[in-house]
Amino acid sequence: VQLQASGGGFVQTGGSLRLSCRASERTFSEYTMAWFRQAPGKEREFVAAVRRSGGSTYYADSVKGRSTISSDITKNTVYLQMDSLKPEDTAVYYCAAGRVILTSIRRGEQYNYWGQGTLVTVSS
């Protein structure tokens, strides 16, 4: 499985971005899809995940209410819509896929496949 992330960019505080992650094959029926991010000098952290076939969604507290993860099976693509962006959202965002049990959904080491990352910069 290959993942191609895109959609990052430079926005002002309060702005919006939609990140996309296109998979090389149909992954949604088998894998949990997730977004993680890593800010400069910080560890990678969980952002959001969607269970197989567009099922249940999960969010980090830091983005809950401001972000929406969704998937389009016909396009083999997972999206992360981010609204009301803050400077602390600045990071490289990575999409990931894996057969992950629910209790480990926020643990990056449980995911087998990773995209190359897309940079989001939010100015204050």
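The values are calculated or read from the model by the stated rules, or taken from the named source; none is laboratory data. All values derive from a computational prediction rather than experimental measurement. Here the Cβ positions follow ideal geometry from the backbone for every residue, glycine too, while neighbour counts run over all protein chains shown. SASA here: full protein model, heavy atoms, side chains in, ligands and nucleic acids out. Shrake-Rupley method; radii C 1.70, N 1.55, O 1.52, S 1.80 Å.
Taking L119 as meeting all but one of (1) under 15 Å from A34 (Cα atoms); (2) open to solvent by 70 Å² or more (accessible area, probe 1.4 Å); (3) in contact (Cβ under 8 Å) with a residue 60 or more places away in the chain, write down the number of the exception.
In the conditions (1) under 15 Å from A34 (Cα atoms); (2) open to solvent by 70 Å² or more (accessible area, probe 1.4 Å); (3) in contact (Cβ under 8 Å) with a residue 60 or more places away in the chain, L119 misses (1) alone.
Which numbered condition in (1) open to solvent by 20 Å² or more (accessible area, probe 1.4 Å); (2) within 15 Å of the chain's Cα centre (by Cα); (3) under 11 Å from G115 (Cβ atoms) is the only one that L19 fails?
So the condition that L19 fails would be (1).
Look at region 92-106 and say how many of its residues are open to solvent by 30 Å² or more (accessible area, probe 1.4 Å), modelled with pLDDT under 95 and either in a strand (DSSP E or B) or in contact with a Phe, Trp or Tyr (Cβ under 9 Å, 6 or more places away or on another chain) (or both). Even if it seems obvious, please write down each step before you answer.
Of region 92-106, the ones open to solvent by 30 Å² or more (accessible area, probe 1.4 Å) are 92, 94, 99, 101-103, 106.
Next, only the ones that are modelled with pLDDT under 95 stay: 99, 101-103.
Cutting the leftovers down to either in a strand (DSSP E or B) or in contact with a Phe, Trp or Tyr (Cβ under 9 Å, 6 or more places away or on another chain) (or both) gives us 99, 102.
Residues in region 92-106 being open to solvent by 30 Å² or more (accessible area, probe 1.4 Å), modelled with pLDDT under 95 and either in a strand (DSSP E or B) or in contact with a Phe, Trp or Tyr (Cβ under 9 Å, 6 or more places away or on another chain) (or both): 2 in total.
Table: residues versus (1) in contact with a Ser or Thr (Cβ under 6 Å, 6 or more places away or on another chain); (2) within 21 Å of N112 (Cβ to Cβ).
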site: G7; (1), (2): yes, no
site: A23; (1), (2): no, yes
site: T27; (1), (2): no, yes
site: E30; (1), (2): no, yes
site: V47; (1), (2): no, yes
site: R66; (1), (2): yes, no
site: S71; (1), (2): no, yes
site: T74; (1), (2): no, no
site: A91; (1), (2): no, no
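Any idea which of E30, E109, E25, E45 is of a type outside the set (G, A, S), in contact with a strand residue (DSSP E or B) (Cβ under 9 Å, 6 or more places away or on another chain), open to solvent by 20 Å² or more (accessible area, probe 1.4 Å) and without any contact (Cβ under 8 Å) to a residue 60 or more places away in the chain? Quick ask: steps written out before the conclusion?
On the way: E30 fails: without any contact (Cβ under 8 Å) to a residue 60 or more places away in the chain; E109 fails: in contact with a strand residue (DSSP E or B) (Cβ under 9 Å, 6 or more places away or on another chain); E25 fails: in contact with a strand residue (DSSP E or B) (Cβ under 9 Å, 6 or more places away or on another chain).
One residue alone meets the criteria, E45.
One residue is enough: does region 82-91 have a residue meeting the conditions within 22 Å of G15 (Cα to Cα), in contact with a Phe, Trp or Tyr (Cβ under 8 Å, 6 or more places away or on another chain) and open to solvent by less than 60 Å² (accessible area, probe 1.4 Å)?
Within region 82-91, the first condition is being within 22 Å of G15 (Cα to Cα), and the residues that meet it are 82-91.
Checking which are in contact with a Phe, Trp or Tyr (Cβ under 8 Å, 6 or more places away or on another chain) leaves us with none.
The answer is no; no qualifying residue exists.
Examine region 7-14 for a residue that is among the small types (G, A, S), exposed (fewer than 15 other Cβ atoms within 10 Å of the Cβ) and over 15 Å from the mean Cα position of the chain (by Cα), and state whether such a residue exists. Break it down stepwise before answering.
If we filter region 7-14 for residues that are among the small types (G, A, S), which is where we start, we get 7-9, 14.
Remaining after also requiring exposed (fewer than 15 other Cβ atoms within 10 Å of the Cβ): 9, 14.
Now drop any that are not over 15 Å from the mean Cα position of the chain (by Cα), which leaves 14.
Yes: region 7-14 contains one or more residues that are among the small types (G, A, S), exposed (fewer than 15 other Cβ atoms within 10 Å of the Cβ) and over 15 Å from the mean Cα position of the chain (by Cα).
Looking at this structure, is R26 touching an Asp or Glu at 6+ places or on another chain (Cβ under 7 Å) and not in a strand (DSSP E or B)? Explain how you work it out, then say what you get.
Details: touching an Asp or Glu at 6+ places or on another chain (Cβ under 7 Å): no; not in a strand (DSSP E or B): yes.
So R26 fails the test.
Out of region 33-42, which residues are modelled with pLDDT of 95 or more, open to solvent by less than 10 Å² (accessible area, probe 1.4 Å) and of a type outside the set (F, W, Y)?
A34
Looking only at region 72-81, count every residue that is farther than 13 Å from R37 by Cβ and either in contact (Cβ under 8 Å) with a residue 60 or more places away in the chain or surrounded by 22 or more Cβ atoms within 10 Å (Cβ to Cβ) (or both) and tell me the total.
Here is the first cut: in region 72-81, the residues farther than 13 Å from R37 by Cβ are 72-79, 81.
Adding the requirement that they be either in contact (Cβ under 8 Å) with a residue 60 or more places away in the chain or surrounded by 22 or more Cβ atoms within 10 Å (Cβ to Cβ) (or both) leaves 78-79, 81.
Total satisfying the criteria: 3.
S56 - would you say it is under 22 Å from R106 (Cβ atoms), polar (S, T, N, Q), without any contact (Cβ under 8 Å) to a residue 60 or more places away in the chain and exposed (fewer than 15 other Cβ atoms within 10 Å of the Cβ)?
Numbers: under 22 Å from R106 (Cβ atoms): yes; polar (S, T, N, Q): yes; without any contact (Cβ under 8 Å) to a residue 60 or more places away in the chain: yes; exposed (fewer than 15 other Cβ atoms within 10 Å of the Cβ): yes.
Answer is yes for this residue.
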